[in-house]
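The values are calculated or read from the model by the stated rules, or taken from the named source; none is laboratory data. Model, not experiment: these values are computed from the prediction. Heads up, the Cβs are rebuilt from the backbone with ideal geometry, glycines too, and the neighbour counts pull from every protein chain shown. With ligands, DNA and RNA removed, areas are computed over all heavy atoms of the protein, side chains included. Shrake-Rupley method; radii C 1.70, N 1.55, O 1.52, S 1.80 Å.
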Amino acid sequence: MNICVIGDGLISLTLAKTLINNKIKVFMYCKNNKKTSNNNRTIGITSNNLDFFQKEIIKIKKKLFWGIEQIEIYNEQNKKEKILNFEEPKKILFSIIKNNDLYDLLSRNLKKSNNFKKIIIKNKSFYKKIIKNNKYDLIINCDGTNEISKKYFYRKILKNYESKAYITIINHNPMQNKKAIQIFTKYGPIAFLPISKNQTSIVYSIKNRSINKKLKLSQEEFEKLISKNNKLYEINSINKFETFILKSKTLRNYYNNNILAFGDMLHQIHPLSGQGFNMTLRDIRIFLALIKEKENLGIPIDYSICKHFENKTKHLNFIFSSGNDFIYEFFNYDNFFQRPFSKKIFNYLNNNKLFNKLAIKYADKGLMI
């Protein structure tokens with residue numbers, strides 16, 4: 001079987017490696033762009049998804065990821081008293097890995113495979129050739145900016161958060177560093193995500209209207225905001241920050257004939273819960289299960305798998321995305337009040353063992369429980 005994957009981002013490489021592991025030939029088409037530096041970008045992978053990644057995709061050495069055992073959540077009004085706390089004895093809730101490390105691991109491995117071929121897209125007419133090429137049983141499009149996306153996958157639900165995510169890494173004195181912290185501030189949520197004993201990733205989603213008229217922060221201004229919210233680390237230095245615009249997106253149609261949209265094309269969410277890549281890993285798990293089901297029944301894999309995939313995932317992704325957006329809007333609204341109404345709610349929930357257990361399970365497995 002031959003599958004064409006369009007795009008060479010982290011999701012495309014992850015999908016390609018999964019398919020090759022199942023003896024499927026992958027032809028990857030990508031633009032001749034130099035890989036952009038994402039030295040500060042990290043991703044969180046839940047325990048359930050990390051197990052799947054290790055078994056079905058590629059083995060990640062322990063030195064590349066850092067396990068988080070506890071998550072504490074605070075709000076603007078009270079940064080000393082946590083409103084929510086998630087932890088389970090002797091359990092890793094999720095792991096943090098640098099984007100570049102995972103990208104390089106997958107890229108090196110794929111180059112060694114005889115079932116993988118990378119082809120550079122030279123011009124826009126290349127996309128027409130891809131669609132007309134009968135040797136591909138399936139075309140999976142992971143690039144939301146190309147001509148195929150514009151022609152077949154333009155119907156979507158969009159939301160602009162009028163915010164930017166500022167990301168960096170702080171270098172600090174060595175410590176155990178197994179606890180992630182998120183604070184819902186008046187500017188937006190800031191997350192402290194440990195990646196080693198002496199490094200922690202910072203993701204600060206800052207509303208445009210809360211900063212200067214230029215809608216830009218200087219490195220010095222950003223570092224002051226980090227220091228204002230830091231209560232744990234003895235910081236030695238802070239890397240230069242990177243930014244990206246925050247939007248949520250839900251695609252209305254997942255496929256067109258034998259072309260399947262995938263990854264961030266299907267769903268894009270606010271990073272406050274660190275679930276974007278995890279949603280895609282759950283999609284890959286379902287897609288892989290459909291492939292194996294057809295193989296076991298001796299049924300050839302054709303464009304019908306696109307419809308089955310949409311039927312299996314679309315409602316789950318929509319509900320999960322909506323839940324993530326609700327959390328953002330809830331805390332956004334709550335921070336307008338000097339005496340937030342969430343305090344009593346979370347005092348009760350924080351002491352409720354059943355809620356804590358269900359919340360951890362939901363974050364770990366999504367709606368696949």
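Residues in segment 114-135 that are within 28 Å of the chain's Cα centre (by Cα) and in a loop (DSSP other than H, G, I, E, B): how many?
Residues in segment 114-135 being within 28 Å of the chain's Cα centre (by Cα) and in a loop (DSSP other than H, G, I, E, B): 1 in total.
Please determine, by comparing only the residues of segment 218-246 that are touching a His at 6+ places or on another chain (Cβ under 8 Å) and open to solvent by less than 50 Å² (accessible area, probe 1.4 Å), which one is nearest to Leu158 (Cα to Cα). Break it down stepwise before answering.
Here is the first cut: in segment 218-246, the ones touching a His at 6+ places or on another chain (Cβ under 8 Å) are 233-236, 246.
Filter again for open to solvent by less than 50 Å² (accessible area, probe 1.4 Å), leaving 233, 246.
Values: Tyr233: 37, Leu246: 11 Å.
If we take residues in segment 218-246 being touching a His at 6+ places or on another chain (Cβ under 8 Å) and open to solvent by less than 50 Å² (accessible area, probe 1.4 Å), then Leu246 is nearest to Leu158 (Cα to Cα).
Conditions (1) under 20 Å from Thr200 (Cα atoms); (2) touching a residue at least 24 places away in the same chain (Cβ under 8 Å), marked per residue:
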{"position": "Ile68", "(1), (2)": "yes, yes"}
{"position": "Ile83", "(1), (2)": "no, yes"}
{"position": "Pro89", "(1), (2)": "no, no"}
{"position": "Leu93", "(1), (2)": "yes, yes"}
{"position": "Ile97", "(1), (2)": "yes, yes"}
{"position": "Asn100", "(1), (2)": "yes, yes"}
{"position": "Leu105", "(1), (2)": "no, yes"}
{"position": "Ile119", "(1), (2)": "no, yes"}
{"position": "Ile130", "(1), (2)": "no, yes"}
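Pick from segment 153-176 the residues that are closer than 23 Å to Arg209 by Cα and of a type in the set (Phe, Trp, Tyr): which of them is modelled with the highest pLDDT?
Initially, segment 153-176 is screened for residues closer than 23 Å to Arg209 by Cα, giving 158-168.
Now restrict to residues that are of a type in the set (Phe, Trp, Tyr): 161, 166.
On the way: Tyr161: 92, Tyr166: 95.
Top of the filtered list is Tyr166.
Are there any pairs with C-beta distances below 9 angstrom linking a residue in segment 300-321 that is within 13 Å of Lys249 (Cα to Cα) to a residue that is among the hydrophobic types (A, V, I, L, M, F, W, C) and part of a helix (DSSP H, G or I), with the two at least 6 apart or on different chains, and if so which?
Close Cβ pairs (under 9 Å, with a partner that is among the hydrophobic types (A, V, I, L, M, F, W, C) and part of a helix (DSSP H, G or I)) amount to Asn317/Met279; Phe320/Met279; Ser321/Met279.
Would you tally the residues in segment 96-133 being of a type in the set (A, V, I, L, M, F, W, C), touching a Phe, Trp or Tyr at 6+ places or on another chain (Cβ under 7 Å) and within 15 Å of Lys25 (Cα to Cα)?
Count: 2.
When residues of segment 154-185 are filtered for being more than 17 Å from Asp325 (Cα to Cα), open to solvent by 30 Å² or more (accessible area, probe 1.4 Å) and either in a strand (DSSP E or B) or of a type in the set (D, E, K, R) (or both), how many remain? Full working, then the answer.
Going through segment 154-185, the residues more than 17 Å from Asp325 (Cα to Cα) turn out to be 154-155, 166-181.
Applying the additional criterion that residues be open to solvent by 30 Å² or more (accessible area, probe 1.4 Å) yields 154-155, 171, 173-176, 178-179.
Filter once more, so that each one left must be either in a strand (DSSP E or B) or of a type in the set (D, E, K, R) (or both): 155, 171, 178-179.
Qualifying residue count, segment 154-185: 4.
Tell me, yes or no, whether segment 181-194 has at least one residue that is more than 19 Å from the chain's Cα centre (by Cα) and either more than 20 Å from Phe222 (Cα to Cα) or at pLDDT 95 or above (or both).
There is no residue in segment 181-194 that is more than 19 Å from the chain's Cα centre (by Cα) and either more than 20 Å from Phe222 (Cα to Cα) or at pLDDT 95 or above (or both).
Taking segment 286-302 only, how many residues are assigned to a helix (DSSP H, G or I) and surrounded by fewer than 21 Cβ atoms within 10 Å (Cβ to Cβ)? Please lay out each step first, then the result.
Residues of segment 286-302 assigned to a helix (DSSP H, G or I): 286-297.
So of that shortlist, the ones also surrounded by fewer than 21 Cβ atoms within 10 Å (Cβ to Cβ) come out as 286, 288-297.
The qualifying residues number 11.
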